[in-house]
């Protein structure tokens, strides 16, 4: 049995352990399989999500891959700062729940060839990135003000 990571690209498939006790090919059988092989199923789900988030494919040019990584990695890092700093804020909780629900669907199904599934939640990552960038810019502003006037209450 192969675990499909990107639909239509068998080179990305993960070899999954066989389970002869499950008959059929419907969604109930899929859940039974996940319960019988939780480690392999979790590994497949994580690979699908990471593949979807990174958006790098072997058939893309090196220039494109570098540009994507230069753009996405800082965005994801700043988004993590935004999440960790303001995770109790209702807007952050709503945005994060939408992102997690979308990634759960990807984890349960497959990543897309041209990364179109992630296009719906990338703007939400960018909102979180803006929150994280705002936090760091505010810290930088405070450091600059304190260095100019150490006695100032900022």
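FYI, it's all coordinate maths here, none of it is from the lab. None of the values given here were measured: they were computed from a predicted structure. Heads up, the Cβs are rebuilt from the backbone with ideal geometry, glycines too, and the neighbour counts pull from every protein chain shown.
Here the gap between residue 87 and residue 108, fully extended at 0.36 nm per residue and compared with their Cα-Cα distance, gives a gain of 5.0 nm. Structure remark: mean-square fluctuation, Gaussian network model of the chain, C-alpha springs under 10 Å; the largest value among 79, 133, 34 belongs to 34. Calculate how steeply helix 38-54 sits against the longest principal axis of the alpha-carbon atoms of the chain, using the helix alpha-carbon long axis, and give the answer as 0 to 90 degrees to the nearest 10. Around 50 degrees separate the two axes. For the chain, a Gaussian network of Cα nodes joined below 10 Å ranks 127, 95, 28 by mean-square fluctuation, and the top entry is 28.
Principal-axis analysis of the Cα atoms of the chain puts helix 27-36 at an angle of about 80° to the longest axis. The peptide list 2-8, 85-91, put in order of mean Cβ contacts within 10 Å with the highest first, becomes 2-8, 85-91.
When both segment 77-139 and segment 13-27 are represented by their alpha-carbon centers, they are found 32 Å apart. Rg/Rh, computed from the Cα trace of the chain with Rh as the Kirkwood radius, has the value 1.13. To the nearest ten degrees, helix 62-86 and the longest principal axis of the Cα atoms of the chain are 70 degrees apart. Hey, in the GNM for the chain with a 10 angstrom Cα cutoff, which one of 57, 48, 116 fluctuates hardest? Most flexible of the set in this elastic network: 116.
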